[in-house]
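The values are calculated or read from the model by the stated rules, or taken from the named source; none is laboratory data. Everything quoted here is computed from the prediction, not taken from an experiment. Glycine also receives a Cβ, built like all others from the backbone with ideal geometry; neighbour counts cover every protein chain displayed.
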Amino acid sequence: MRSIIRGIAALGIAIGFGTCALAQDKTEISITRQPGILYLASHVMETQKLIEKHAAEDGLKDLKINWRTFSGGGAQTDALLSGNVDIVNTGTGNLLLLWDRTKGRVKGICTNSAQPVIFVSRDPHIKSLKDIGPNDKIAVPTVGVSTQAILLQMAAAKMFGDNDIHHFDANTVQLGHPDAMAALANQKHEVKSHFSAPPYQYLELKMPGVHQVTSSRDIIGGDLSQGTFFTTTEFAEANPTTIKAIREATADAIAYIKKDPKGALEDYKTISGDKTSIEDLMAILKEPHMMEYRMDPQGTMKFAAHLYKTGTLKTMPKAWTDYYLPQAADLNGN
């Protein structure tokens, strides 16, 4: 949280909070994502150069995109605020926090996934969230503001009331999903629970003694957007062709995933270096709700209401379109 707030000043310097726009779109940009097949659409986009294709069709020739992978959303938002990257691809909580802190100068472009995230544990005593004691450690991608951290707060509010909404905060430790999976595999590691994400959660559930405790669908009661492209409004205003190309490329990538999931997973393996077999990844995509690759924001206003209630957001949005660019208004979001 402190690093995000400190970054606001850097963002103000980098973009000037002004209205001056470049004469034309930048010809080289950086886009981030996190590990895992939640971000499968971005791997397809990179491998097939879909953003570059659509940009070229609209007159922006030779666009170069640098794709960068970060272990958690906090590092991505820091990079956006400091001007080191142009567009990030991470969770709803980070988008809402930056939209609020920058007074609407960071907004979403579109989403690309809404798969469930699952809380798993190798501790035989933890059968439900009620069994978590003060010394139990829970790995999350970013403490406090990641999707998983916020889901734990929402669960605590239901279980213990609004006065104890941060009940599980002290249990959380920050680990990227690959590191958290390694911790679960190490019987001597103090971290025995992980609020995970695909494909890691399903690989972890194959480990001896690892079991499901709860999931995002249990907590929020439906779909929840995970991967979300967002940027500064200044970048969007100065680079309209690129923003349009990202929308069109996302649509193409999602259509390709649904038509040829095996081909999409091969793209993912090529880019990510994930050693999981195609057969195992295909089995993961057959798990319930795992084909929810979609562009329209899902469950985001529930997140916003929670963050406003806890005081994390100072402004309660009237609708999801408040924190998305006008170009997203045609999406069937909530």
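Just one of the numbered conditions (1) without any contact (Cβ under 8 Å) to a residue 40 or more places away in the chain; (2) outside any loop (DSSP other than H, G, I, E, B) is not true of residue 213: (1). Residues considered: 256, 268. Of these, the only one that is over 17 Å from residue 34 (Cα atoms), aromatic (Phe, Trp, Tyr) and either touching a helix residue (DSSP H, G or I) at 6+ places or on another chain (Cβ under 8 Å) or not assigned by TED's automatic domain parsing to the domain that holds residue 30 (or both) is 256.
Sort out which residues of region 283-320 are without any contact (Cβ under 8 Å) to a residue 24 or more places away in the chain and of a type in the set (Lys, Arg), and write them in order of number. Correct list: 286, 318.
Here's the yes/no breakdown for (1) basic (Lys, Arg); (2) at pLDDT below 95; (3) under 26 Å from residue 302 (Cβ atoms); (4) assigned to a helix (DSSP H, G or I):
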{"residue": "65", "(1), (2), (3), (4)": "no, no, no, no"}
{"residue": "84", "(1), (2), (3), (4)": "no, no, no, no"}
{"residue": "94", "(1), (2), (3), (4)": "no, yes, yes, yes"}
{"residue": "97", "(1), (2), (3), (4)": "no, yes, yes, yes"}
{"residue": "107", "(1), (2), (3), (4)": "yes, no, yes, no"}
{"residue": "119", "(1), (2), (3), (4)": "no, no, yes, no"}
{"residue": "123", "(1), (2), (3), (4)": "no, no, no, no"}
{"residue": "134", "(1), (2), (3), (4)": "no, no, no, no"}
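The number of residues in region 316-332 being under 23 Å from residue 235 (Cα atoms), touching a helix residue (DSSP H, G or I) at 6+ places or on another chain (Cβ under 7 Å) and part of a loop (DSSP other than H, G, I, E, B) comes to 3.
When each of 77, 27, 102, 47 is tested for being under 24 Å from residue 196 (Cβ atoms) and either modelled with pLDDT of 95 or more or surrounded by 22 or more Cβ atoms within 10 Å (Cβ to Cβ) (or both), the lone residue that passes is 77. Can you say whether residue 231 is assigned to a strand (DSSP E or B), touching a residue at least 12 places away in the same chain (Cβ under 8 Å), surrounded by 14 or more Cβ atoms within 10 Å (Cβ to Cβ) and assigned by TED's automatic domain parsing to the domain that holds residue 45, as far as the supplied structure shows? When the stated conditions are applied, residue 231 passes them. Kindly indicate whether any position in region 285-296 is at pLDDT 95 or above, within 20 Å of residue 201 (Cβ to Cβ) and either in contact with a Gly (Cβ under 8 Å, 6 or more places away or on another chain) or outside any loop (DSSP other than H, G, I, E, B) (or both). Taking every residue of region 285-296 in turn, at least one turns out to be at pLDDT 95 or above, within 20 Å of residue 201 (Cβ to Cβ) and either in contact with a Gly (Cβ under 8 Å, 6 or more places away or on another chain) or outside any loop (DSSP other than H, G, I, E, B) (or both). It is to be established whether one or more residues within region 149-159 are closer than 27 Å to residue 45 by Cα and surrounded by 15 or more Cβ atoms within 10 Å (Cβ to Cβ). For region 149-159, residues closer than 27 Å to residue 45 by Cα and surrounded by 15 or more Cβ atoms within 10 Å (Cβ to Cβ): absent. Number of residues in region 160-177 that are under 20 Å from residue 73 (Cα atoms), surrounded by fewer than 20 Cβ atoms within 10 Å (Cβ to Cβ) and either free of Cβ contacts under 8 Å to residues at least 12 places away in the same chain or hydrophobic (A, V, I, L, M, F, W, C) (or both): the value is 2. Could you please let me know if residue 180 is part of a helix (DSSP H, G or I), surrounded by 22 or more Cβ atoms within 10 Å (Cβ to Cβ) and not assigned by TED's automatic domain parsing to the domain that holds residue 268? Spelling it out, residue 180 is indeed part of a helix (DSSP H, G or I), surrounded by 22 or more Cβ atoms within 10 Å (Cβ to Cβ) and not assigned by TED's automatic domain parsing to the domain that holds residue 268. For the condition small (Gly, Ala, Ser) and over 23 Å from residue 247 (Cα atoms), what is the one hit in 91, 83, 74, 108? Result: 74 is the single residue among 91, 83, 74, 108 that is small (Gly, Ala, Ser) and over 23 Å from residue 247 (Cα atoms).
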